[in-house]
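Rule-based calculations on the coordinates, nothing more; no lab input. The structure presented is a predicted model; accordingly, all values stated were derived computationally and were not measured. Quick reminder, even Gly has a Cβ in these numbers, built from the backbone with ideal geometry, and neighbours come from all protein chains shown.
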Amino acid sequence: MTIAEVSRKYDISADTLRYYERIGLIPPVPRTRGGLRDYGEESCGWIQLMKCMRAAGVQIEALIEYVWTCSSRGDATLDARKALLVEQRDQLVSRMAEMQASLDLLNQKIDRYEQGMMTAEQQLRRLHAEREGA
């Protein structure tokens, strides 16, 4: 696939794809004889993984380290790679718990406002009914 096709498929700009490759966030993409990037299944898999990890808030530095250990050391770094992923997962779980607590607090606050508005509406209806009945 061309860079334009990959850009559309993953909703990532071509500049971002080039940047990811330049900083080592994805391994070097194979090139055609003419020098154009030729994204295959493996390259696309890396892009999909990085997009997912970035959306989860994983730090770029940790991802670069992961890519480097995969591409430069092979199976000798399986334990290190797993440890890195476990650490990132644990951090994500912690952030998700913090976000859930924030969401719960916001929902409580919204509920209080809605209850207060319902009470205010009930008071207005009662006042209106009293005026019409008077």
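What net charge do the residues around residue 57 carry, taking every other residue with its C-beta under 12 Å from that of residue 57, with Lys and Arg at +1 and Asp and Glu at -1?
+2
So how strong a dipole does the chain carry about its Cα centre when Lys and Arg Cβ are +1 and Asp and Glu Cβ are -1, to the nearest 20 debye?
340
Rounded to whole Hz and in sequence order, give me ³J(HN,Hα) for the stretch 114-125 from the Karplus expression 6.51 cos²θ - 1.76 cosθ + 1.60, θ = phi - 60°, writing x for Gly and Pro.
In residue order, the calculated couplings are 5, 5, x, 5, 5, 5, 5, 5, 5, 5, 5, 4 Hz.
Given the DSSP H assignment, sum -39500 (n - 2.57) over each helix run of at least 4 residues in the chain and divide by its residue total; what's the result at 222 nm in deg cm²/dmol, nearest 500?
-26500 deg cm²/dmol
Give the Kirkwood hydrodynamic radius (Å, one decimal) of the stretch 27-99, defined as one over the mean of 1/r across all pairs of different Cα atoms.
Final number for the Kirkwood radius of the stretch 27-99 is 13.7 Å.
Alpha carbon centre of the stretch 114-132 versus the stretch 1-67: separation in Å?
Rounded to whole Å, the Cα centres lie 59 Å apart.
Please give the length that would be gained between residue 82 and residue 125 if that part of the chain were fully extended, namely 0.36 nm times their separation in residues minus their C-alpha to C-alpha distance (nm, one decimal).
Separation in residues times 0.36 nm, less the Cα-Cα distance, equals 9.2 nm.
Excluding residues fewer than 8 places away in the same chain, name every one of the lysines whose C-alpha is closer than 22 Å to that of residue 9.
Of all the lysines, those that pass the test against residue 9 - Cα under 22 Å, at least 8 places apart if same chain - are 51.
Can you work out the Karplus-derived ³J(HN,Hα) for every residue in the stretch 69-79? Use 6.51 cos²θ - 1.76 cosθ + 1.60 with θ = phi - 60°, whole Hz, and x for glycine or proline.
Rounded to whole hertz, the list is 5, 5, 8, 9, 10, x, 5, 5, 10, 4, 5.
Which residue, chosen from 92, 119, 45, occupies the Cα position most advanced towards the positive end of the dipole of the chain, where the dipole is computed from +1 (Lys, Arg) and -1 (Asp, Glu) charges on Cβ about the Cα centre?
45
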